[in-house]
1. Collect the residues in segment 31-40 that are part of a helix (DSSP H, G or I) and surrounded by fewer than 18 Cβ atoms within 10 Å (Cβ to Cβ), keeping them in residue-number order.
2. So, in segment 57-86, of the ones that are part of a strand (DSSP E or B) and surrounded by 13 or more Cβ atoms within 10 Å (Cβ to Cβ), which residue ends up modelled with the lowest pLDDT?
3. In segment 69-82, which residues are touching a residue at least 12 places away in the same chain (Cβ under 8 Å) and either more than 14 Å from residue 54 (Cα to Cα) or out of contact with any strand residue (DSSP E or B) (no Cβ under 8 Å at 6 or more places or on another chain) (or both)?
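The values are calculated or read from the model by the stated rules, or taken from the named source; none is laboratory data. Bear in mind that the values here come from a model prediction, so they are computed numbers and not experimental data. Please note: Cβ atoms are built from the backbone with ideal geometry, for glycine as well, and neighbour counts cover all protein chains shown.
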């Protein structure tokens, strides 16, 4: 199954969160990989490019971290200004704050 590709933002390694260690990097890369690249609906919620609806437990399992470790890393990433978290008792909406910068096309690239 070809799910396409992601753009890796080289300046990401200058982000404070990147220097926190491999757990933070794993969560950051997983979020970037799984983010919506176009607008979608999740029930009555509109999920925009750069946003993802997920469960913290499932996110943690995908990077082999406990629920508590994953929650702590997400809070760190939010504190560092990398993302914004909106949670309720059913799911978590995560927004990468620099999404437009992360996926910005270079002059001459195809759309």
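1. Scanning segment 31-40 gives 33, 34.
2. 83
3. 69, 70, 71, 73, 76, 77, 80, 81, 82
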